[in-house]
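K.L.:
Dropping a structure here in C-alpha cells format, bear with me for questions.
The values are calculated or read from the model by the stated rules, or taken from the named source; none is laboratory data. Just so you know, these numbers come straight off a predicted model, no measurement behind them. Reconstructed Cβ throughout: ideal geometry from the backbone, glycine too, with neighbour counts over all protein chains shown.
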Amino acid sequence: MRHYEIVFIVHPDQSEQVPAMVERYKNMVVNGGGAIHRLEDWGRRQLAYPIQKVHKAHYVLMNIECSQEILDELEHAFKFNDAVLRHLTLKKTGPVTEPSPMMKEEKSKSLMSQEGKGDAAAA
C-alpha cells in the first residue's frame, strides 16, 4: 500500500457537516484495509482567490496509507460531493505523523496569546 497526503476544501455553508464527512472518508480508508496516520481540521481559512464566488472555506488534511482502489473511491466521493470545492492528493514516500506547519503555526499563536494573557494578569 502507498502513502498519500490529501487536502480537501469544503464550502463554508457546509462547515457543520465536515465532521460527518471526515468520518465517512475515514471509514472508507479503514474498511478498505488502509490506515490514517494524520488527520487535521484546519477550520475556516481565507482562500487565495475566489472559488465559485466563495472567499473562505473549511480545510481538512489527511495522511493515509491505502490501496489504489480505495484512493479511487475517495477521489470519486470528492468529485461527486458538491460541498467539496477542491481536493489535492499527493503521493508520499512514507507515513507522515508529525503536525503540519499549519498546526504548528496555530499552536504557536495560541501559546503567544496565552503568554500575553499571563503578562497582562501579572501587571
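K.L.:
Tally up the residues in the stretch 68-87 that are in a strand (DSSP E or B) and either of a type in the set (A, V, I, L, M, F, W, C) or in contact with a Ser or Thr (Cβ under 6 Å, 6 or more places away or on another chain) (or both), please.
P.N.:
Residues flagged as in a strand (DSSP E or B) and either of a type in the set (A, V, I, L, M, F, W, C) or in contact with a Ser or Thr (Cβ under 6 Å, 6 or more places away or on another chain) (or both) within the stretch 68-87 amount to 2.
K.L.:
Of everything in the stretch 38-67, what is part of a strand (DSSP E or B), within 23 Å of Arg2 (Cβ to Cβ) and either of a type in the set (Asp, Glu) or more than 14 Å from the chain's Cα centre (by Cα) (or both)? Give them in sequence order.
P.N.:
Across the stretch 38-67, the qualifying residues are Glu40, Glu65, Cys66.
K.L.:
Considering each residue of the stretch 16-37, count those that are under 14 Å from the mean Cα position of the chain (by Cα), crowded, with 16+ Cβ neighbours inside 10 Å and assigned to a helix (DSSP H, G or I), and give that number.
P.N.:
The number of residues fulfilling the criteria is 4.
K.L.:
Among (1) modelled with pLDDT of 95 or more; (2) within 14 Å of Ile9 (Cα to Cα), which single condition is Asn81 missing?
P.N.:
Unmet condition: (1).
K.L.:
Same structure, new question: Mind listing whichever residues of the stretch 1-15 are under 26 Å from Gly94 (Cβ atoms) and crowded, with 17+ Cβ neighbours inside 10 Å? I'd like the intermediate steps shown before the answer.
P.N.:
So in the stretch 1-15, the residues under 26 Å from Gly94 (Cβ atoms) come out as 1-9.
Selection gives His3, Tyr4, Glu5, Ile6, Val7, Phe8, Ile9.
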